[in-house]
Amino acid sequence: MSLDLDALSIRAANGLALFAPLSLQVPAGAVVTVMGPSGVGKSTLLDAIGGHLAHGFQLSGAVRLNGRDVTHLPAEARRIGLMFQDALLFPHLSVGDNLAFGLPPGLRGRARRRAAVEDALAQAGLAGLHDRDPATLSGGQRARAALMRTLLADPAALLLDEPFSKLDAGLRDEMRAFTFAHVTSRAVPTLMVTHDPEDARAAGGPVVGLTSPEGRRL
Amino acid sequence: MSHEGRVLRGVVLAVVVLGLIAPIALGLWQTGRAAFGILPALGRDTLSLEPWRDLAALPGLATSLRLTLVTGLGSTVLSLLLATGFCAAVHARMSNATGARLLTPFLAIPHAALAVGLAFVLAPSGWIARLLAPLAGWERPPDIATVNDSWGLALMVGLMVKEVPFLLLVILSALSQIPVARQMAAGRALGYGRGIVWIKIIMPQVWPLIRLPVWVVLAYALSVVDMAIILGPSNPPTLAVALTRWFSDPDPAMILPASAGAVLQVVLVALAVALLIGAEALGKRLGRWWLRRGGRGLSAEPGLWAASAAVVALMAVGMLAMVSLLVWSLAWRWSFPQIWPESFSLKPWAGAQRGWMRALGNTLVLAGATAVLSLALAIAWLEAEDRARRSRAAWAEALIYLPLLVPQIGFLYGLNVGFLQVGLSGGIWAVIWAQALFVFPYVMIALSDPWRALDPRMIRAAAALGAGPGRRLWAVKLPVLLRPILTASAIGVAVSVAQYLPTLFMGAGRVATLTTEAVTLSSGSDRRVTGVYATLQAALPFAAYLAAALVPAWVHRNRRALSGGVT
């Protein structure tokens with residue numbers, strides 16, 4: 001498994017490119033970090049890879065997943081997981097149903113689906129919280145539930161958008177360890193954008209700087 | 001954009017253009033033709049100015065025009081001043097949720113029901129006179145025209161009781177987008193008094209956000225029919241009421257001058273809106289000059305408190321009017337100057353039962369159908385915007401407001417002519433269609449902000465988990481938005497229940513609703529029976545709002561993020 005970007009470049013509605021064409025390869029189980037100050041289009045880059053680009057942006061280049069070109073597939077068909085700085089659990093569903101939402105429909109049978117969810121909850125230290133209202137969880141519990149929801153969907157690649165920036169300092173180290181342990185154990189190619197060098201150090205993978213369209217390092 | 005997104009966009013655009021815009025255009029076109037002498041149904045097919053000469057010769061036209069301008073412009077400008085002053089005085093002291101709860105009954109009650117209640121309260125034999133009677137020594141109702149007065153004062157009070165709460169709601173929601181507290185602190189630190197900061201700093205930011213709703217209020221006040229029949233001067237009445245009479249005149253030839261009058265009504269509203277735009281431009285220049293002079297000004301505090309007192313008085317009268325509907329519907333013996341009925345009875349309810357059951361049935365069918373249709377179209381529209389990942393263009397926003405800015409009387413008769421040609425007139429479907437023209441904009445406006453406030457990242461998260469557009473809509477957006485969706489439906493029900501002219505014209509007098517019956521009865525004899533119809537008319541929107549508050553609270557009882565707050 002690998003996630004490849006091939007001369008990916010994005011133009012805003014005004015015709016200006018956000019950054020110089022970006023090519024990189026994320027092998028299975030590796031975490032590649034893209035660094036750059038806020039506002040250079042890091043999130044837009046992830047939107048483009050995940051298929052969430054807003055109207056008006058022009059995309060050139062290609063996104064390949066295991067060699068397959070997914071550039072023109074809709075987001076839901078790409079199997080690219082996405083984590084934000086907020087957990088964004090669905091507020092109308094219980095914690096367990098949030099996890100079940102992502103579970104692939106191919107896994108059949110109520111009991112087996114429930115078992116998969118309970119197993120994931122246990123791995124995240126959330127055993128017994130299946131029926132809880134997500135709004136009543138602590139920040140760390142929410143973040144772990146969100147990661148489990150994403151991983152249960154069995155993504156072929158994972159995108160992390162400043163995933164730890166809203167957690168307080170103590171929790172941040174714990175979540176980094178938790179996240180990267182799960183990512184590497186499942187051998188998912190992972191691309192993280194961040195402006196925090198600590199995140200990159202904890203990820204332990206290669207670091208790529210986004211450069212301006214003129215080739216200047218941002 | 002995906003194929004599916006494009007199809008949905010096309011369908012929504014087609015429904016909006018053919019279902020909402022085309023009828024208005026067609027109605028204006030037919031009315032305009034009749035205004036210049038072309039009405040094939042009467043065998044008139046030559047262009048002429050005769051309808052206009054006939055219109056000018058109709059007795060009382062000049063007075064009608066004056067009354068329309070005074071009551072329409074007067075009530076709008078006064079409402080705006082009072083609502084602004086009230087917000088300035090109490091904004092910091094009241095939470096938005098409290099405000100919304102206080103305003104809900106005033107927003108929910110149909111114009112006609114409120115007007116009937118106000119007539120009960122303000123009339124010479126009404127509650128206010130009964131309260132004053134011991135002081136003034138009245139044995140009998142005093143001989144003063146307090147309702148249907150020739151100045152249109154009762155009508156202005158009625159309009160203001162509805163308009164002030166609406167403007168308060170609009171201003172409060174605009175204020176929630178502005179950091180009022182910090183700007184107030186900054187302004188006061190520079191030596192400006194509270195009221196002056198409000199006028200110089202806060203209001204200029206609020207105005208662009210409330211401009212369109214103020215235009216809607218103005219257009220409505222200039223062309224209102226039901227409330228003007230009940231509270232307004234009757235001989236001559238305001239222009240819109242006079243036009244309604246002429247359109248329903250036994251002599252069909254009256255349709256021609258009436259059509260000319262309808263065109264005049266549209267022009268009048270257009271001119272009034274233009275006047276407002278001109279006043280805005282002038283106000284901007286004067287305001288800048290005043291601002292740059294840097295005067296700290298006198299305290300505006302007394303003015304603000306006067307405005308607040310007036311708002312409280314209006315609301316008290318409005319509340320009294322709502323209560324009086326129920327009391328009168330249950331009263332049996334109630335002689336002047338007793339404050340409270342001497343005996344109560346359910347006889348008015350029982351006696352009119354067949355009539356109100358039928359009207360209630362029609363009203364429920366119309367409200368249910370128009371609310372569901374409007375909600376479906378609004379959701380389809382918003383979902384189409386999401387799938388195209390576009391924000392709304394200015395012209396699309398204008399389309400939504402169009403039916404609220406064009407006076408109903410200006411195009412409903414012409415639309416009826418069009419419906420007659422395709423054999424659609426006089427039935428419940430024609431009324432549903434005509435009402436939906438006015439229900440949809442309110443539902444759409446009510447749902448748009450909460451829909452856009454939904455965190456787009458949550459929808460992306462759903463997509464990243466493999467949920468396609470259909471599942472994102474049904475399994476995420478609609479359940480999360482349950483509360484605002486039901487609130488929008490309740491508003492839709494309230495707007496439908498309140499419709500008078502579309503029901504009257506498109507139903508050809510055969511579709512009786514609580515509103516048409518209440519308006520008809522209000523001019524007549526028995527207050528108790530009128531009270532029955534008006535009470536029911538007011539009860540329906542209240543019930544809808546109550547359901548919109550209780551159902552989400554119950555469904556989301558274990559979901560803290562969704563159960564609190566008023567949207």
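Yes or no: A:Gly67 modelled with pLDDT under 95, over 26 Å from A:Ala115 (Cα atoms) and at the interface with chain B (Cβ under 10 Å from one of its Cβ atoms)? Considered against the rule, which asks whether it is modelled with pLDDT under 95, over 26 Å from A:Ala115 (Cα atoms) and at the interface with chain B (Cβ under 10 Å from one of its Cβ atoms), A:Gly67 comes out as no. When restricted to residues that are at the interface with another protein chain (Cβ under 7 Å from one of its Cβ atoms) and either surrounded by fewer than 16 Cβ atoms within 10 Å (Cβ to Cβ) or assigned to a helix (DSSP H, G or I) (or both), the stretch A:76-103 contains 3.
Among the residues of the stretch B:477-522, those identified as small (Gly, Ala, Ser) and over 22 Å from the mean Cα position of the chain (by Cα) are B:Ala508, B:Gly509. Taking first residues from the stretch B:116-133 that are over 15 Å from B:Ile144 (Cβ atoms) and at pLDDT 90 or above and partners that are assigned to a helix (DSSP H, G or I) and among the aromatic types (Phe, Trp, Tyr), the Cβ contacts under 6 Å between residues at least 6 apart in sequence or on separate chains come to B:Phe120/B:Trp328. In this structure, B:Ser425 qualifies as of a type outside the set (A, V, I, L, M, F, W, C), surrounded by fewer than 24 Cβ atoms within 10 Å (Cβ to Cβ) and in contact with a Phe, Trp or Tyr (Cβ under 8 Å, 6 or more places away or on another chain).
With respect to B:Leu282, is the statement that it is farther than 25 Å from B:Val161 by Cβ and without any contact (Cβ under 8 Å) to a residue 60 or more places away in the chain true? It is true that B:Leu282 is farther than 25 Å from B:Val161 by Cβ and without any contact (Cβ under 8 Å) to a residue 60 or more places away in the chain. Selection within the stretch B:460-476: residues that are surrounded by fewer than 16 Cβ atoms within 10 Å (Cβ to Cβ) and more than 9 Å from chain A (Cβ to nearest Cβ). The member of this set that is farthest from the chain's Cα centre (by Cα) is B:Gly470. B:Ile485 satisfies every condition listed in (1) of a type in the set (A, V, I, L, M, F, W, C); (2) away from chain A (no Cβ under 14 Å); (3) in a helix (DSSP H, G or I) except (2). Is it the case, given these coordinates, that B:Met94 is outside the structural domain of B:Arg527 (by TED's automatic domain parsing) and buried (at least 23 other Cβ atoms within 10 Å of the Cβ)? Here the answer is no, as B:Met94 does not meet what is asked. Kindly evaluate B:Leu478 against the criterion of being touching a Pro at 6+ places or on another chain (Cβ under 6 Å) and in contact (Cβ under 8 Å) with a residue 60 or more places away in the chain. In short, no.
In the set B:Gly193, B:Gly232, only one residue is over 17 Å from the mean Cα position of the chain (by Cα) and modelled with pLDDT of 90 or more; that residue is B:Gly232. Among the residues examined, A:Arg144 does not qualify as within 8 Å of chain B (Cβ to nearest Cβ), within 15 Å of the chain's Cα centre (by Cα) and part of a helix (DSSP H, G or I). When we screen B:Ala549, B:Ala494, B:Ala512 for residues that are assigned by TED's automatic domain parsing to the domain that holds B:Leu412 and not in a helix (DSSP H, G or I), the only hit is B:Ala512. Within 14 Å of chain A (Cβ to nearest Cβ) and part of a loop (DSSP other than H, G, I, E, B) - does that describe any residue in the stretch B:446-459? Looking through the stretch B:446-459, at least one residue is within 14 Å of chain A (Cβ to nearest Cβ) and part of a loop (DSSP other than H, G, I, E, B). The test for being free of Cβ contacts under 8 Å to residues at least 24 places away in the same chain, closer than 30 Å to B:Glu50 by Cα and of a type in the set (Val, Ile, Thr) does not hold for B:Val263. Just one residue in the set B:Leu114, B:Leu81 is surrounded by fewer than 18 Cβ atoms within 10 Å (Cβ to Cβ) and either over 23 Å from B:Thr520 (Cα atoms) or of a type outside the set (S, T, N, Q) (or both); that residue is B:Leu81. Determine, yes or no, whether B:Leu276 is modelled with pLDDT of 90 or more, outside the structural domain of B:Leu415 (by TED's automatic domain parsing) and within 26 Å of B:Leu28 (Cβ to Cβ). Taking the combined requirement at face value, the residue satisfies it. So for the stretch B:484-500 (the condition being buried (at least 21 other Cβ atoms within 10 Å of the Cβ) and either at pLDDT below 95 or farther than 30 Å from B:Leu412 by Cα (or both)), does at least one residue qualify? No, there is no match, as no residue in the stretch B:484-500 is buried (at least 21 other Cβ atoms within 10 Å of the Cβ) and either at pLDDT below 95 or farther than 30 Å from B:Leu412 by Cα (or both).
In the stretch A:48-62, the qualifying residues are those that are in a strand (DSSP E or B) and within 14 Å of chain B (Cβ to nearest Cβ), and the one that is surrounded by the most Cβ atoms within 10 Å (Cβ to Cβ) is A:Leu59.
The values are calculated or read from the model by the stated rules, or taken from the named source; none is laboratory data. As the structure is a prediction and not an experimental result, all values here were calculated from the model. Glycine also receives a Cβ, built like all others from the backbone with ideal geometry; neighbour counts cover every protein chain displayed.
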